[in-house]
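The values are calculated or read from the model by the stated rules, or taken from the named source; none is laboratory data. For clarity, every value in this text was computed on a predicted model and none was experimentally measured. Here the Cβ positions follow ideal geometry from the backbone for every residue, glycine too, while neighbour counts run over all protein chains shown. Only protein heavy atoms, including side chains, enter the accessible area calculation; ligands, DNA and RNA are left aside. Shrake-Rupley method; radii C 1.70, N 1.55, O 1.52, S 1.80 Å.
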Amino acid sequence: MLTIEIFTLFPGILEPALRESILGRAIARGLLSAGLHNIRDYATDKHQVTDDTPYGGGGGMVMKPEPIFAAVEGVLGAPPRLPVILLTPQGVPFTQAKAWALAESPGFALLCGRYEGIDERVREHLAAEEISIGDYVLSGGELAALVIVEAVARLLPGALGDEEGARDDSHSSGLLEYPHYTRPPEFRGWRVPDVLLSGNHAELRRWRREQALRRTFERRPDLLARADLTDSEKKLVEKWRQAAGSLND
């Protein structure tokens, strides 16, 4: 079982998602344990204050270190028995490779920031690492936490109905995923590619790989520099590049 402990001021944002779909099934099957911990419960004053004005002035409020340390250490011990990941736009970008690494670990904790930011002493002395889900700003780390939990949970053996599904997804192979079709074979005059109806599995695999390669070339060519391509695939990409260059001349 993979253990994920989430520390937040707003557990109500996460609770419904953890009951649904893949996450709900993974928890019900004993593949995933997802604990929600309200940082406000660890504030010691009668008003349960978890933020204060920043030293030196400036707009917004800053999350206080005391209730955060108390929450994390109260659940995970001191030092924490699981690595604490701070969710912040200043973190390292989250990738599919990181999702696999987390899925293969015993567990981890996610710390959701709010307001203007979090006291720097939390970053320096409690967080093991920092992760960002993209170059944009959210109101807090809760939605980022759900992104990470979803991306990781679906990689756990038994979480998906199709055991190969996670490895075929976009980014898992270094390429974007190939196109998908289902019944009916023709809709409004648009037919499913014949190769998908042929029953020729070798041709089907070749078509899917080429389509994934083509889609990546057209939409995310930056990924090709890191993709594991055969010599023939590299030649095919170069052919496409030359053809695209001639069209732009």
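Go over the candidates 78, 71 one by one and state the one that is open to solvent by 30 Å² or more (accessible area, probe 1.4 Å), among the hydrophobic types (A, V, I, L, M, F, W, C) and modelled with pLDDT of 95 or more.
From the options 78, 71, the qualifying one is 78.
Selection of segment 202-235 for residues being among the aliphatic types (A, V, I, L, M) and either open to solvent by less than 80 Å² (accessible area, probe 1.4 Å) or in contact with a His (Cβ under 7 Å, 6 or more places away or on another chain) (or both) yields 202, 204, 212, 213, 223, 224, 227, 229. Picking from residues in segment 75-103 that are free of Cβ contacts under 8 Å to residues at least 24 places away in the same chain and closer than 27 Å to residue 135 by Cβ, the one that is farthest from the chain's Cα centre (by Cα) is 101.
Answer yes or no as to whether residue 148 is touching a residue at least 12 places away in the same chain (Cβ under 8 Å), under 30 Å from residue 46 (Cβ atoms) and part of a helix (DSSP H, G or I). Taking the combined requirement at face value, the residue does not satisfy it. The lone criterion from (1) closer than 25 Å to residue 83 by Cβ; (2) exposed (fewer than 15 other Cβ atoms within 10 Å of the Cβ) left unmet by residue 145 is number (2). The set of residues from segment 31-46 being among the aliphatic types (A, V, I, L, M) and surrounded by 19 or more Cβ atoms within 10 Å (Cβ to Cβ) comprises 32, 34, 39, 43.
Residue 166 fulfils the conditions (1) over 22 Å from residue 3 (Cα atoms); (2) surrounded by 13 or more Cβ atoms within 10 Å (Cβ to Cβ); (3) at pLDDT below 95; (4) not acidic (Asp, Glu) except for a single criterion, (1).
A search for C-beta distances below 9 Å between a residue of segment 21-43 that is within 15 Å of residue 102 (Cβ to Cβ) and any residue that is of a type outside the set (A, V, I, L, M) and part of a loop (DSSP other than H, G, I, E, B), counting only pairs 6+ apart in sequence or on different chains, returns 23/154; 26/154; 26/158; 31/157; 31/158. Listed conditions (1) on the phi < 0 side of the Ramachandran plot; (2) at pLDDT below 95; (3) within 28 Å of the chain's Cα centre (by Cα) are all met by residue 247, apart from (3).
For residue 233, state whether it is within 27 Å of residue 186 (Cβ to Cβ) and in a helix (DSSP H, G or I). Criteria not met by residue 233. Considering only segment 175-192, I want to know if a residue exists there that is part of a helix (DSSP H, G or I) and surrounded by fewer than 16 Cβ atoms within 10 Å (Cβ to Cβ). No, that holds for no residue.
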